[in-house]
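Heads up, the thing below is written out as C-alpha cells.
The values are calculated or read from the model by the stated rules, or taken from the named source; none is laboratory data. Just so it is clear, the structure is predicted and the values come from calculations on it, not from any experiment. Here the Cβ is made from the backbone with ideal geometry for all residues, glycine too, and neighbour counts use every protein chain on show. These accessible areas exclude ligands, DNA and RNA; they are computed on the full protein's heavy atoms, side chains included. Shrake-Rupley method; radii C 1.70, N 1.55, O 1.52, S 1.80 Å.
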Amino acid sequence: MTDHVTEIIETIDTDAGTARVTWHRARKARLVLAVSHGAGGGIEARDLRALAAELPAHGVSVALVEQPWRVAGKKLAPAPKTLDVGWRGIWPALVKPGLPVIAGGRSAGARVACRTATELGAHAVLALSFPLHPPGRPEKSRADELLGAGVPTLVVQGGNDPFGRPEEFPEGAYEMVEVPYGDHGFAVPKRAPLDQGEALKIVTDGVLKWTSSLG
C-alpha cells in the first residue's frame, strides 16, 4: 500500500550530534511510530523498511530515526548513554505533529526506547529484535530494561535470534510476536517453511494489530 505522501527528511541537532528523521506520513494519522536502527546497521533494515511501507496506509505515520553516530558515517555505535542523549534530542520533532508517539527501535534502538519511554512520555514501545543478552551469554540479561519500560510494549522477536529466543524471555507486562525461524534481522533460511516476504508480513501484521489495540 502506498497511501501516504512522499517521504520527508528532517535533520535535527542534538547534544550527541546531528540526527536525521525520514518521515513516511499517513494522510489521516492517528499515531506516530518512531523507530531507530541497531548498533550495526541503519534504517535500511528489512523490518524498518517494511513498517514504513505498510503502516501509513493504516493511519500510522512512521518516522525512521538515524542516530547522530550513523549520520556522521561512523561504523560503531557509542555507549548506551550517548544513544539515549541522541534519542531525547530527536523527541521534540517526533511529538510536534501533536499525536501519540510510539517509541520504537530494533536491537540497540529497542533498548533506547525502553530506557527512555516513561521519561519522554511515550504512548507505547515497539521492541524489534530486543537484544535480551549478548549471543552465548544468557547470564548478561537486559530484561530489566524491557520490563522497566512502563508503557504498553510489543516485542517482535525471531525464533532463532541469538540475542534471545522468544522462550528465553521472562514473564512480564508486554506482548510478544514471534517470527518463526527468523534471526536477529528477521532473515529466514531458505529451507524454512515460510519465505522472507511471509516473515516480514508477520512483523507488519503483528504491529498493525497491536497499534489498533492501543486506542
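At a Förster radius of 30 Å, what calculated FRET efficiency corresponds to the Cβ-Cβ distance of residue 133 and residue 95, to the nearest 0.05? Intermediate values should be presented prior to the final figure.
Working: r = 32 Å, r/R0 = 1.07.
My answer for the efficiency is 0.40.
What are the ³J(HN,Hα) couplings of the stretch 59-69, residue after residue, when phi is run through the Karplus curve with 6.51, -1.76, 1.60 and θ = phi - 60°? Round to Hz, x for glycine and proline.
x, 10, 6, 10, 10, 8, 9, 10, 5, x, 4
Report the one residue of 43, 71, 61 whose Cα lies farthest in the direction of the positive end of the charge dipole of the chain (charges on C-beta: Lys and Arg +1, Asp and Glu -1; origin at the Cα centre).
The listed residue farthest towards the positive side: 71.
List every residue whose amide H lies under 5 Å from the amide H of residue 176, counting only residues 5 or more places away in sequence or on a different chain, with H placed 1.01 Å from N in the peptide plane.
155
In whole percent, how big is the carbon plus sulfur part of the accessible area of the chain, probe 1.4 Å, protein atoms only? Please report the intermediate quantities before stating the final value.
Values: 5160 of 9740 Å².
Within the chain, the accessible surface is 53 percent carbon and sulfur.
For the stretch 28-69, state which trypsin sites (Lys or Arg not before Pro) are in a DSSP loop and have at most 12 other beta carbons lying within 10 Å of their beta carbon.
28
Based on Cβ point charges of +1 for Lys and Arg and -1 for Asp and Glu, what charge dipole magnitude is obtained for the stretch 69-112 about its Cα centre, in debye rounded to the nearest 20?
Values: 8 positive and 1 negative charges, 35 e Å.
Dipole magnitude for the stretch 69-112 comes out near 160 debye.
Among DSSP beta bridges lying fully in the stretch 10-168, give the percent that are antiparallel, nearest 5.
Counting only bridges with both partners in the stretch 10-168, antiparallel ones make up about 35 percent.
By its C-alpha gyration tensor, with a ≥ b ≥ c as the square roots of the eigenvalues, how is the stretch 95-215 shaped: rounded for a/c under 1.5, else prolate for a/b larger than b/c, else oblate? Before the final figure, lay out the partial values.
On the way: a/c = 2.20, a/b = 1.30, b/c = 1.70.
Oblate, since a/c reaches 1.5 and b/c is not below a/b.
Can you list residues from other chains, or at least 5 along the same chain, whose modelled amide H is less than 5 Å from the amide H of residue 130?
Here 107, 156 satisfy the definition.
How would you order 50-56, 131-137, 112-118 from highest to lowest mean count of nearby Cβ atoms within 10 Å?
112-118, 50-56, 131-137
Say each of residue 187 and residue 18 gets a label point 7 Å from the Cα, pointing the same way as Cα to Cβ; how far apart are those two points in nm?
Output for this residue pair reads 3.2 nm.
For the pair residue 147/residue 176, report the inter-label distance in nm, with labels modelled 7 Å from Cα in the Cβ direction.
1.3 nm
Dipole size in debye (nearest 20) for the stretch 9-119 around its Cα centre, Lys and Arg Cβ +1, Asp and Glu Cβ -1?
Using Cβ point charges on Lys, Arg, Asp and Glu, the stretch 9-119 gives about 180 debye.
Determine, from the Cβ-Cβ distance of residue 10 and residue 57 and an R0 of 22 Å, the FRET efficiency 1/(1 + (r/R0)^6), rounded to the nearest 0.05.
Computed FRET efficiency for residue 10 and residue 57: 0.55.
Per-residue HN-Hα couplings for the stretch 114-121, Karplus 6.51 cos²θ - 1.76 cosθ + 1.60 at θ = phi - 60°, whole Hz, x for Gly and Pro?
My calculation for the stretch 114-121 gives 5, 5, 10, 4, 5, 4, 8, x Hz in order.
Subtracting the Cα-Cα distance from 0.36 nm times the residue separation, let me have the gained length for residue 28 to residue 76 in nm, one decimal.
Extending this stretch completely gives an extra 13.5 nm.
Do any of 74/190; 74/96; 140/201; 81/140; 28/96 go past 26 Å between their Cα atoms, and which?
Too far apart for the 26 Å limit: 74/190; 74/96; 140/201.
Place a +1 charge on the Cβ of each Lys and Arg in the chain and a -1 charge on the Cβ of each Asp and Glu, then give the dipole magnitude about the Cα centre in debye, rounded to the nearest 20.
The calculated dipole for the chain is roughly 420 debye.
Fully extended, how many nm does the chain gain between residue 212 and residue 196 (0.36 nm per residue separation, minus their Cα-Cα distance)?
The span from residue 212 to residue 196 would gain 3.3 nm if fully extended.
Calculate, for the stretch 103-215, the solvent-accessible area per residue in square angstrom, rolling a 1.4 angstrom probe over the heavy atoms of the protein chains.
Working: 4940 Å² over 113 residues.
So the stretch 103-215 comes to 44 Å² accessible per residue, rounded to a whole number.
In terms of Cα to Cα distance under 12 Å, which aspartates and glutamates are near enough to residue 209, apart from those fewer than 8 places away along the same chain?
Here the aspartates and glutamates satisfying the reach criterion relative to residue 209 are 175.
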